[in-house]
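What follows is a set of notes on a single structure, which appears directly below.
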Amino acid sequence: MLESNDMNMLVDGEWQTDVYEETNENGEFERQETMFRDFVEDDPDARFQPEAGRYHLYVSLACPWAHRTLLVRALKGLEDAISVDIVDPFRADDGWQFTPQKDGCTPDTVNGSDYLREVYQAANPDVTGRVTVPVLWDKHEETIVNNESEEILRMLDTEFDDVATHDVDLYPAEYRDDVDRIIDAIYEPINNGVYRTGFANTQDAYDRAVEELFDALDHWDSVLSDQRYLAGDRLTEADICMFTTLIRFDEVYHTHFMCNHRLIMQYDNLWPYLRDLYQTGDTEDGESLVAQTVNMDHITEHYYTTHPDVNPKRIVPNGPDPDFAAPHDRDSLPGGPPGTERAIDTDRA
């Protein structure tokens, strides 16, 4: 998935600006396809095999698509196996930049790049396409394996069990059809729907997108009235995909993208569901594994300062500041592996 609406991209390996139209003739936001689509597979004949220390993630803490991969990496216990670099949340005309002097950001520790586009050029000097996060880099072959978030999420979840330190399965065999169906069902109206709403260039395009968005949120709020997770009684990849949109909703999408029919905090079930997910995975320091992947400062800075067409004054609001750590009262619903899903077992069985 691609995260932004700027019009800068690589064309035949050269960085160019104002060359990509993000909306169609009807004023509707259209997302461009990603271009690196290889797979890590737990197969001795595979080109890319799941080895500890071989792979590296380039992410933005602000981006919901990149956030998906960080969540799976944390829940699976892959922090030591897969390294990470974090770009600046502010993205100007030169694209995603490495600014290690800024809080929460890192240098490019693998390729020594100043800009993420240089990583793309290192993988393919003649590449044409948008420079997006997340990026899964292979240190051995010195190339990009994949820059499609849903596929990276699936690889981290299903192909790295031998190097993971947590016994967590977010794509259990008996749930797979439902998980795939739900991920598809929430993508267009919700995950992409907030962008279709915020980047719409006509009233009709906005009206259609915002109506579909809130119809979908209402539907899933109803589903969650008597089950703990989207697919039933197990935390799955579907919840990961929903979480990264919901966690940004009240502080960003509601205001910045005019998704203002309701706050997530006003939903009877989505709001405690979001708090339940946020508190998943106990750690020794008391902050959950999921909470440790959330950086609201990066999220708000990115959205409110990077889209001048939407927010020309680049003023970052100082609210509404939801309390994601408040009790959620969803432990009474059936769900989770032995014990509860909130307390992820950090010792492999």
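Data table
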quantity: Selected residue [of a type outside the set (Lys, Arg) and assigned by TED's automatic domain parsing to the domain that holds residue 77] from 211, 150; calculated: 150
quantity: Pick from the stretch 188-205, criterion of a type in the set (A, V, I, L, M), surrounded by 21 or more Cβ atoms within 10 Å (Cβ to Cβ) and over 19 Å from residue 223 (Cα atoms), ranking: farthest from the chain's Cα centre (by Cα); calculated: 200
quantity: Selection within the stretch 37-58 - part of a loop (DSSP other than H, G, I, E, B) and surrounded by 20 or more Cβ atoms within 10 Å (Cβ to Cβ); calculated: 50
quantity: The stretch 156-187, residues that are under 20 Å from residue 51 (Cβ atoms), buried (at least 21 other Cβ atoms within 10 Å of the Cβ) and out of contact with any Ser or Thr (no Cβ under 8 Å at 6 or more places or on another chain); calculated: 157, 160, 164, 168
quantity: Selected residue (only one of 224, 235, 277, 263 is modelled with pLDDT of 95 or more, more than 22 Å from residue 102 (Cβ to Cβ), out of contact with any Phe, Trp or Tyr (no Cβ under 6 Å at 6 or more places or on another chain) and hydrophobic (A, V, I, L, M, F, W, C)); calculated: 263
quantity: Residue check, residue 61 surrounded by 18 or more Cβ atoms within 10 Å (Cβ to Cβ), outside any loop (DSSP other than H, G, I, E, B), at pLDDT 95 or above and within 18 Å of the chain's Cα centre (by Cα); calculated: no
quantity: Residue count, the stretch 278-336 (criterion: on the phi > 0 side of the Ramachandran plot and touching a residue at least 40 places away in the same chain (Cβ under 8 Å)); calculated: 5
quantity: Enumeration of residues in the stretch 12-58 that are of a type in the set (Val, Ile, Thr) and modelled with pLDDT of 95 or more; calculated: 40
quantity: Single residue of the stretch 182-216 satisfying the filter (free of Cβ contacts under 8 Å to residues at least 40 places away in the same chain and of a type in the set (A, V, I, L, M, F, W, C)) that is nearest to residue 249 (Cα to Cα); calculated: 216
quantity: Meets criteria (out of contact with any Ser or Thr (no Cβ under 9 Å at 6 or more places or on another chain) and more than 19 Å from residue 326 (Cα to Cα)) for residue 207; calculated: yes
quantity: Pick from the stretch 65-85, criterion in contact with an Asp or Glu (Cβ under 7 Å, 6 or more places away or on another chain) and not hydrophobic (A, V, I, L, M, F, W, C), ranking: farthest from residue 137 (Cα to Cα); calculated: 76
quantity: The stretch 90-108 residues that are touching a residue at least 60 places away in the same chain (Cβ under 8 Å) and among the small types (Gly, Ala, Ser), paired with ones that are outside any loop (DSSP other than H, G, I, E, B) and surrounded by 15 or more Cβ atoms within 10 Å (Cβ to Cβ) (beta carbon under 7 Å, 6 or more apart); calculated: 95/115; 95/116; 95/117; 104/86; 104/298
quantity: Helices (runs of 4 or more DSSP H) contained entirely in the stretch 77-189, each with at least 1 residues that are touching a Cys at 6+ places or on another chain (Cβ under 7 Å); calculated: 176-186
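The values are calculated or read from the model by the stated rules, or taken from the named source; none is laboratory data. Please read all numbers here as calculations on a predicted model, not as lab measurements. Heads up, the Cβs are rebuilt from the backbone with ideal geometry, glycines too, and the neighbour counts pull from every protein chain shown.
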